[in-house]
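The values are calculated or read from the model by the stated rules, or taken from the named source; none is laboratory data. As the structure is a prediction and not an experimental result, all values here were calculated from the model. No Cβ is skipped: glycine too gets one built from the backbone with ideal geometry, and neighbour counts run over all protein chains shown. Side chains included, ligands, DNA and RNA excluded: accessible areas come from the protein's heavy atoms. Shrake-Rupley method; radii C 1.70, N 1.55, O 1.52, S 1.80 Å.
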Amino acid sequence: RRRHTICALVNGVQTCALPICFPVTIGVEEEAYFPGGFVEMVNFVNENIDFPQEAIDLGIKGRVIVRFVVEKDGRISNVSVATPLAGCKACDCAAVKLVEKMPLWKAGKNGGREVRTWVTLPIKFEVN
């Protein structure tokens, strides 16, 4: 399976994300995905990431790993920071807010039926 890094350049700040899906149900045949696929996710990140000013001022870089569930109806729930960015709680909050703003996803499927699916999304914060 191919994995793609999503990178967005907003106001001179590069933010990258690598989506990785893990099923809540064992044996998911189709993983949950962002509506429109990878390209639309890149567009969403470009338009909605809010890079914290404190990270810019302090030159902080690194990644926040956010974990959430895509429900059977495509809603996002249980958003949490799986791995925080040391020294930048504002980056952790920005990553969570980005995920919470996402539109309904296409739910994962098992046996042709929608199932709840865990998604882990690393979001890289880096000032260029």
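Less than 10 Å Cβ to Cβ from residue 104, Lys/Arg counted +1 and Asp/Glu -1: what total charge do the surrounding residues give? Intermediate values should be presented prior to the final figure.
On the way: positive: 75, 106; negative: 71, 73.
Taking every Cβ under 10 Å from that of residue 104, the sum is 0.
Counting Lys and Arg as +1 and Asp and Glu as -1, what is the net charge of the other residues whose Cβ lies under 12 Å from the Cβ of residue 71?
Numbers: positive: 72, 75, 106, 116; negative: 73, 114.
Here the count lands on +2.
Within the set of other residues whose C-beta is less than 9 Å from the C-beta of residue 116, count the net charge using Lys and Arg as +1 and Asp and Glu as -1. Walk me through the numbers on the way to the answer.
On the way: positive: 72; negative: 71, 114.
Summing Lys/Arg as +1 and Asp/Glu as -1 gives -1.
What accessible area, in Å² to the nearest ten, does a 1.4 Å probe give for residue 83?
60 Å²
Fully extended, how many nm does the chain gain between residue 80 and residue 54 (0.36 nm per residue separation, minus their Cα-Cα distance)?
Details: separation 26, 0.36 × 26 = 9.36 nm, distance 2.12 nm.
Fully extending the segment from residue 80 to residue 54 adds 7.2 nm.
List the lysines whose Cα sits under 30 Å from the Cα of residue 72, skipping any in the same chain fewer than 8 residues away.
Those lysines meeting the cut-off are 97, 101, 106, 109, 124.
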